[in-house]
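Quick note: the coordinates plus some simple rules give every number you see, no bench work behind them. Just so you know, these numbers come straight off a predicted model, no measurement behind them. All Cβ positions, even for glycine, are placed from backbone atoms using ideal geometry, and neighbour counts span all protein chains on display.
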Amino acid sequence: MTKILIIGHRGMLGTDLTERLRSQGFAVEGVDRDELDIAVPEEVLRCLETIRPRLVINCAAYTAVDRAEGEPGAAFAVNRDGPAHIAAACGRLNSPLIHISTDYVFDGRASAPYKEDDPVNPVSVYGRSKWEGEAAVRSRLQNHLIVRTAWLFGANGNSFVKTILRLAAERAELRIVSDQYGCPTWTGDLASALTGLSKRVLDGARTVPWGTYHYCGKGAVSWYEFARAIVEASAFARGGKMPAVVPIATADYPLPARRPAWSVLDCGKMASEFGIEPVSWREGLAVVIGALSA
């Protein structure tokens, strides 16, 4: 049975991806940070030599965007050095790699959806560490797919959806930034996309169009619009009670790390090369709200 190794398998994305791959008949091995320190090259190589996967998917990441400003060493160790070590080990074992990256590699000054070959210019430590992780993968392994995604949410782990649900139960008013735009992405949809990529890689690695791709939920919104959709979708579970959702400017809610004002991704390349189309994030939101309300 084909063996796939998921690094970061207990995270928000890794959990859904593990379930999705196994449902499609794949043998999945998973490791997480308590079992593997990806910042240590010897550990990474030993792990891959033991498991001998035909494909590696790296979902591990340092995602605390604001905390990264104060501890850049930790962010770069996981987001840059870790992917470098994983790619090098994959090269030793001739295993392809799918690596997950982020919309935060862009500075947000565009007015049209970002394509894969648009210039990057990260404005935060987190964004820079993820960009350097991409570069490390490209320089060490030919057979790789880098998948940039955005605004992930799911039923597992922490996410904007869970934060809004908690605040909606506690407060009569929510003040949410309305001048930052992106594409919310349900981890279940991204897991399906990655499963499709995995099948293509394992069916014929010689013909795979290796490189960088974008995949996110269909439909661009602001954080404010996303919050309103969450509140409205979950109102029934709260007996119809809805807090007021008030739009504010980024300047009214200062945070340690800058965010791109516009980080909408163009997913056309993924659709044309692999036949994988984005799905409306609203469908995923309904699934997640249902699971969290059960």
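Computed quantities for the displayed model
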quantity: Cα gyration tensor shape for the stretch 168-214, rounded if a/c is under 1.5, else prolate or oblate; calculated: oblate
quantity: Sparse-neighbourhood loop sites, trypsin sites (Lys or Arg not before Pro) in the stretch 206-285 - DSSP loop, at most 14 other Cβ within 10 angstrom; calculated: Lys241
quantity: Using a Förster distance of 45 Å, the FRET efficiency for Glu19-Asp179 (Cβ separation, nearest 0.05); calculated: 0.80
quantity: Alpha carbon convex hull of the chain, volume per residue in cubic angstrom; calculated: 124
quantity: Projected-area mean, the stretch 1-90, by convex hull of Cα positions, square nanometres; calculated: 5.6
quantity: Dipole moment magnitude, nearest 20 debye, the stretch 134-214 about Cα centre, only Lys, Arg, Asp, Glu C-beta charged; calculated: 260
quantity: Local net charge near Arg259, Cβ-Cβ under 15 Å (Lys/Arg +1, Asp/Glu -1); calculated: -1
quantity: Global geometry of the stretch 103-241, whether rounded, prolate or oblate, following the gyration tensor of its Cα atoms and the 1.5 cut on a/c; calculated: prolate
quantity: Using a Förster distance of 51 Å, the FRET efficiency for Glu232-Thr207 (Cβ separation, nearest 0.05); calculated: 0.70
quantity: Cα gyration tensor shape for the stretch 51-138, rounded if a/c is under 1.5, else prolate or oblate; calculated: oblate
quantity: Check: the chain dipole with +1 on Lys, Arg Cβ and -1 on Asp, Glu Cβ, in debye; calculated: 380
quantity: Fully extended contour minus Cα-Cα distance, from Val246 to Arg33, at 0.36 nm per residue; calculated: 72.9 nm
quantity: Pairs from Lys3/Lys269; Lys130/Lys269; Lys162/Lys241; Lys162/Lys218 whose Cα-Cα separation, in the structure shown, is over 25 Å; calculated: Lys3/Lys269
